[in-house]
Structures are given as C-alpha cells and as structure tokens.
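Scroll down for the structure; my scribbles are underneath it.
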Amino acid sequence: MLNGKITMATGLVMMFVITQMMGSVSAAEKVAADDGKKIAPQTQIQFEQDKAKAHMQELEERMFRLSKLIRDSQPDDAARLLLGLRKAREQLILDRMGEASKMLDDLKLDKASQEQKEILVLLEELKKLLLTADIGLELKLEQLRKLIDSRETLNKLLKKEELQLSNTLDQQKKSGNKKDFKALETSEQRNQKSAENLEQMLREYGPASESICKSLSGAGKCMGGACKKLGASQPKPASEEQKKAIEQLSSAQQDTKKLEDQLRKEVESLVRQRVMDQLQDMITQQKQIREVTTKLQDRVAQKQKQALAAVRRLSTSEEKIISVCSESIELCELTQFSLVLPVALGAVREQMELVDEGLLRAQADKEMIADQKRIETDLQALLDAMMDASRPSSKNGGGQCKGCKGNRNKLLAEVKMLRWMQQSVHTRTDQLDKQIEQKKITETSRQERIELLSVRQKEIDLITGRLHSMTCPHCLAGDE
C-alpha cells in the first residue's frame, strides 16, 4: 500500500510540474508570435517558469527524504526515488529551468520556448521512470550504463599508467633531474587517486565486483609505492611498481568486462521484449497519424486554415514516435542484443524526421501519406524479424546450431533485417533517381540525400562483415 502511495504522490507532483512547464511553453510561444512587444505577458511567463523551477526543486528534496524514510521497508521504491533524483541532477533539469528563466528575462522568447520543450522531454522521461512497474530492469540498465562508463575510465587509466611506465623508463636511461621526477610523481599521484575513486564507485555492485575492487586496490598500492620511489629519484624500482599496477589494472579491466557481459545477459530477454513493445506502439501511433493525414488531405489541398493547423499539430505526435525510436536504439546499443537493429532503426528514424519536417510545413499530399505508410511497413518488418529471433531453439524443435549450439533464429533475424536495410537503400536510391530525372529536387537536397544513402550503404557493408566474422561455419552452412 505504501508503495502505491509513494508512486502516486511522486507521479502527481511530476504531473503538476509538467503542467506548469507546458503552460510556460504555450505562453512563451504566444508572446514570441507578438515579436516581444508586450512586456507584461513576458513577466508573467517568467514568474510561471520560476514557479515550475521551485516545484522541481521541491520534488528533488521530497525524493531524497522519502528514499531515506523507506530504505528499509521499501527498498525497491527507495531505489526508484534515488534513481529518479540522480537522473534529474545528471540532466541538470533545475539548472536548465533557471537558464530558461534568464532567456525570458532577456526576451529571448524563441530560445526560451525551445529550451522549455527540451526540458519537457526530460520531465516526461523522469515521470516514466518514477511510474514504471519494472523498476528492477531500470536499475540493472542504470548499473550497466555506469559499468560501461567505469570500464571506459579504467581503459583511460590503464593507458595513462602505461605512459607513466614509458616515461619512467626514459628517465632511467638518461638519469633525469629532480624536476623531472617530481612531474612523474605528481602524475602518478593523480593515477592513484583515479584508481581509488573508481574502486569506490564499483563497490556499490557488492560481491559481484569484489575481484575488480581488489585489483584496483592493489593497483592503487603499487602506484603509491611508485610515487615514493619517484620522490626519491629511483626510477628502476618505481618502474617495477608501475608494471605491477598495470597488471592489476589489466585484471580489473577483464573482470569488469565479464561483469558487463553478465549484466547484459540478465537483461537481454526483458530488453528485447520492451523493444518489441515499443515497435508495436510506434506502428500503432504512426497509423493514427496517417489516418488523420488522409482525412485532412482534401481540406489541406483547398488551403483551409484549420486543416493546415491540424496537420502541423501532428508533428508533435510524430516527434513522440521519434523519441520512442531513439529510446529503442539506445537500449539496443546498451545491451548489444542485436548488431543490425540499432542501425536499421536509425534508418527508419531518418524517414520519421523527414515526415516530421513535412508535417511542420502542413504537407498532407499523396507523397506524405506514402512516406508514413512506408514507415509503418518498415517498422512491421523489423518487428517480424524480432519475433522470429525470440523463438527458442532446441535440438528437437530446430533453430540450434550444430557447432556453436547457439540460437540460429537470432542469426536469421539479423540477416532478415540486413536484407531489409539493403532493400530500403535500393528503394530510396531508385526514388532519388526518379526525382533527379524529373527535376523535382534541388541540387543541395540531391547532394544531401546522396551522402546519406552512401553512409547507409557503408554501414550495411560494415555490419555484414562483422556479422560474418562473428558467425561460426556451422551456422553459415545451416547445420542443425
């Protein structure tokens, strides 16, 4: 019951903040349309903006206090609130609200309106996170993001320590002076501090990161030893300590990669299902936009103002689909459950962005409707491939590779998506060729479209090569 109260209370506060922000956006756009001639409305909008900022600050404080109060009785909800708080602060929502207020004060209404729209997107994402039923998955995804960042930091630290060793060996050869050794000692101290910070960051993973933390602790001690030797102008023993530190960092790097892979396996099936759900949602929403566009087609052709305005409003719905598509791409790239899908979705997103631009221009002709329908078809093709990949493999039921014992259904799904990508590039190339022949496209637009198609073709070639290199001979031969 407490869980429901907390979620509801947080959701209501979020809804209030978002409502305040939406009101500010609408008002800012209205004043912008008046070319900033009316000062009084601008002052009122700034007041509303400041109120929204105050509500957001109150929300952050409440999330922190509630998380402490329910940490023992409701650990999942406490984790949800802390995750929401961390997200809000990482995205600098409060700071951005303050910037929007300054823009309003300076009568930079167009910029303020754009900033507010971007803040609204962040608030919607935060609300979704706070109200999501599957907080366990969200927490694991956040852990995975932090683990990837930690591994990248570790990689950089390893390179720095290798450079330290190289510089120390150079000093050993030429018997450097105290100033040179002091510079090396300072750099070594920075590396030691980085190793200690990284160790503290990874301790939150508990027993799973024990070996990583142990290696980082060992590396830090070796770096400390190297600092003392460098301070005493003793490069040879310092280099020995640095070599040990590099070994420890390499061990931590390998263990971090294993933990990262383990987390990916834990969330793969859940993320795959979420992406499939998002694909279905995108298809449904795109169909609704196409149906409305079709109904407005004749009235737009007659230049009726209400119809033109209605088509422009559809752009907001299209942007929401683009946002969902971007989220799907981020999930694919984060969990790496598919090599082809994120690039394929990127290609579809490009088409969505073109449709969005057309809707903003109040375009509602046959070409626009055909583009919208093509997006639906493309999303459905990707969803069908995803469903094929989700079919389990077994020795009796088929789908299991004779050699690597892996699920060949996943490989076949990747190939289907790759084939779709190639077909899509071919179709778009053919359309562009016809537009050029009929002189329906400007030179600038022609060049941009050609470059875009060229990039997509190179991506297909690259992914094909990577997919081939990752596939065992038995999979390629179709042995089951």
Since residue 239 meets every condition but one in (1) touching a residue at least 40 places away in the same chain (Cβ under 8 Å); (2) outside the structural domain of residue 189 (by TED's automatic domain parsing); (3) more than 14 Å from residue 151 (Cα to Cα), which condition does it not meet? (2)
Out of 278, 242, 306, 286, sole residue that is of a type outside the set (Gly, Ala, Ser), on the phi < 0 side of the Ramachandran plot, at pLDDT 90 or above and surrounded by fewer than 19 Cβ atoms within 10 Å (Cβ to Cβ): 306
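May I ask you to list the residues in the range 116-166 that are among the acidic types (Asp, Glu) and assigned to a helix (DSSP H, G or I)?
Taking the range 116-166 first, the residues among the acidic types (Asp, Glu) are 118, 124-125, 134, 138, 142, 149, 152, 161-162.
Those that are among the acidic types (Asp, Glu) and assigned to a helix (DSSP H, G or I): 118, 124, 125, 138, 142, 149, 152, 161, 162.
Look at residue 326 and say whether it is touching a residue at least 12 places away in the same chain (Cβ under 8 Å) and out of contact with any helix residue (DSSP H, G or I) (no Cβ under 6 Å at 6 or more places or on another chain).
yes
Would you check which residues across the range 83-93 are part of a helix (DSSP H, G or I) and surrounded by fewer than 17 Cβ atoms within 10 Å (Cβ to Cβ) and list them? Quick ask: steps written out before the conclusion?
Step one: filter the range 83-93 for residues part of a helix (DSSP H, G or I), giving 83-90, 93.
The answer is 86, 89, 90.
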For the range 188-223, which residues satisfy the criterion of being over 26 Å from the mean Cα position of the chain (by Cα) and surrounded by fewer than 18 Cβ atoms within 10 Å (Cβ to Cβ)? 189, 190, 193, 196, 207, 210, 211, 214, 217, 221
Give me the pairs: first residue in the range 175-200 and without any contact (Cβ under 8 Å) to a residue 60 or more places away in the chain and outside the structural domain of residue 229 (by TED's automatic domain parsing), second residue surrounded by fewer than 20 Cβ atoms within 10 Å (Cβ to Cβ) and not small (Gly, Ala, Ser), beta-carbon distance under 9 Å, and six or more apart or on different chains, which are they? none
Could you tell me whether residue 462 is under 23 Å from residue 344 (Cα atoms) and at pLDDT 85 or above? yes
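Residues that are hydrophobic (A, V, I, L, M, F, W, C) and either closer than 18 Å to residue 256 by Cα or not in a helix (DSSP H, G or I) (or both): does the range 187-197 have at least one? Reasoning before the result, please.
The initial filter retains those residues of the range 187-197 that are hydrophobic (A, V, I, L, M, F, W, C), namely 195.
Within this subset, residues satisfying the condition of being either closer than 18 Å to residue 256 by Cα or not in a helix (DSSP H, G or I) (or both) are 195.
Within the range 187-197, one or more residues are hydrophobic (A, V, I, L, M, F, W, C) and either closer than 18 Å to residue 256 by Cα or not in a helix (DSSP H, G or I) (or both).
Condition check ((1) touching a strand residue (DSSP E or B) at 6+ places or on another chain (Cβ under 6 Å); (2) under 20 Å from residue 263 (Cα atoms); (3) buried (at least 16 other Cβ atoms within 10 Å of the Cβ)) across all residues:
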residue: 126; (1), (2), (3): no, no, yes
residue: 130; (1), (2), (3): no, no, yes
residue: 140; (1), (2), (3): no, yes, yes
residue: 144; (1), (2), (3): no, yes, yes
residue: 163; (1), (2), (3): no, no, no
residue: 173; (1), (2), (3): no, no, no
Condition (residue is hydrophobic (A, V, I, L, M, F, W, C) and farther than 19 Å from residue 250 by Cβ) applied to the range 218-225: is it met by at least one residue? no
Would you confirm whether any residue within the range 340-356 is outside any helix (DSSP H, G or I) and surrounded by fewer than 21 Cβ atoms within 10 Å (Cβ to Cβ)? no
Index of the failed condition, residue 233 passing every other in (1) outside the structural domain of residue 159 (by TED's automatic domain parsing); (2) outside any helix (DSSP H, G or I): (1)
Tally, over the range 45-82, of residues that are among the hydrophobic types (A, V, I, L, M, F, W, C), surrounded by fewer than 20 Cβ atoms within 10 Å (Cβ to Cβ) and either assigned to a helix (DSSP H, G or I) or free of Cβ contacts under 8 Å to residues at least 12 places away in the same chain (or both): 7
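If we keep just the residues of the range 110-166 that are of a type in the set (Ser, Thr, Tyr) and over 17 Å from residue 252 (Cβ atoms), which is modelled with the lowest pLDDT? First the steps, then the outcome.
Residues of the range 110-166 of a type in the set (Ser, Thr, Tyr): 113, 132, 150, 153, 166.
This time we only want the ones that are over 17 Å from residue 252 (Cβ atoms), so: 113, 132, 166.
Details: 113: 80, 132: 68, 166: 92.
The selected residue is 132.
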Would you mind telling me which numbered condition in (1) at pLDDT below 95; (2) buried (at least 18 other Cβ atoms within 10 Å of the Cβ) residue 236 fails? (2)
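The values are calculated or read from the model by the stated rules, or taken from the named source; none is laboratory data. Treat the numbers as computed from the prediction; the structure is a model and nothing was measured. Heads up, the Cβs are rebuilt from the backbone with ideal geometry, glycines too, and the neighbour counts pull from every protein chain shown.
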